[in-house]
Amino acid sequence: MSRRDAYFDAILRHLGASYYQTLRGEASAAEVARAVQAVSEFQAQGDRGAQAGHGVGHRLRGQWRVRDVMTTKVATAGRNMPYKQAAKLMTDQRVTAMPVVSESGRVIGMVSEADLLHKVEPRPRGGTGLSARARHDRAKARARTAGELMTSPAITIHPDASLSAAARLMNAHHIRRLPVVNATGDLIGIVGRSDLMKVFLRPDEEIAAEVSDALGQILLDDAGQVAVSVHDGVVTLHGAPGDQDLIRVAARLASEVAGVVTVVNPLTRQEAHDET
């Protein structure tokens, strides 16, 4: 379940509970009206995001995307850039890989340090009976241009992808940098592993404020029953809200706030006491 879906699910639960309590005389019409208003405002927020061209829930209450951490000034190579020039550019820019782009700006491949180092590795001997990997390595060693060196097609990512999606791609393909491309494949930036770590540099106070805001949207009248503290990115929730379902949703939403390392959730359901 996405963060937006979790919000919406919790708000709808609250709306249903408020209406049921009204039928039993345990809640006022004003409480139902507030719950309805929360649903309407949440839907309107998503609509405004879609109209702005960001898609539903883009940067919803601080959700970080690739566009928020990517580098927009990117060292690139053309297909015909000579080997030596590509090696010098990567060394001067202190990058481990760079995109190879067409004349129109579309990403057609990536040249990495590993590609460049094929020239200094021992070349496979023999002309027949070589494995596919050995033939590939020999071709790289003989390469004279970026187009011959590059790995193609390149693994790319969209600017609106989540940071977790970027991390999964890097880990799955054992790469350190991802070209960021628009819908037509044009290069608009690049994101590396170090960029993904920027989210954990957020101040604890900023994280606490965002977690409190997120929880306030679902806890509504119970919001005052929950306190949030953050130390070194670790969020601790204190208190006893009345709805057990909201306790589980609260922990999940807190964990999805950008920069949160983990969530300590000792929340317990507030027990009702009969008046004597």
*Taking the condition of a type in the set (D, E, K, R) and under 11 Å from the mean Cα position of the chain (by Cα), does Arg168 pass?*
yes
_Odd one out for Asp195 among (1) under 30 Å from Arg94 (Cα atoms); (2) assigned to a helix (DSSP H, G or I); (3) without any contact (Cβ under 8 Å) to a residue 60 or more places away in the chain_ = (3)
*Can you name the condition, by its number, that Val120 falls short on among (1) at pLDDT 85 or above; (2) open to solvent by 70 Å² or more (accessible area, probe 1.4 Å); (3) aliphatic (A, V, I, L, M)?*
(1)
*Pick from region 102-120 the residues that are part of a loop (DSSP other than H, G, I, E, B) and of a type outside the set (A, V, I, L, M): which of them is farthest from Val181 (Cα to Cα)?*
Glu103
_Residues satisfying the stated conditions in region 160-196, i.e. within 20 Å of Ala75 (Cβ to Cβ) and surrounded by fewer than 18 Cβ atoms within 10 Å (Cβ to Cβ)_ = Arg176, Asn182, Gly185, Asp186, Ile188, Arg193, Ser194
*Report, by residue number, each residue of region 197-209 that is more than 25 Å from Arg168 (Cα to Cα) and open to solvent by less than 50 Å² (accessible area, probe 1.4 Å).*
Asp204, Ala208
_Going by what's in this entry, would Thr91 be described as over 16 Å from Ile190 (Cβ atoms) and either modelled with pLDDT of 90 or more or within 24 Å of the chain's Cα centre (by Cα) (or both)?_
yes
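The values are calculated or read from the model by the stated rules, or taken from the named source; none is laboratory data. Just so you know, these numbers come straight off a predicted model, no measurement behind them. Positions of Cβ are backbone-derived with ideal geometry, glycine not excepted, and every protein chain shown enters the neighbour counts. Accessible surface is based on the protein model in full, side chains and every heavy atom, while ligands, DNA and RNA are left aside. Shrake-Rupley method; radii C 1.70, N 1.55, O 1.52, S 1.80 Å.
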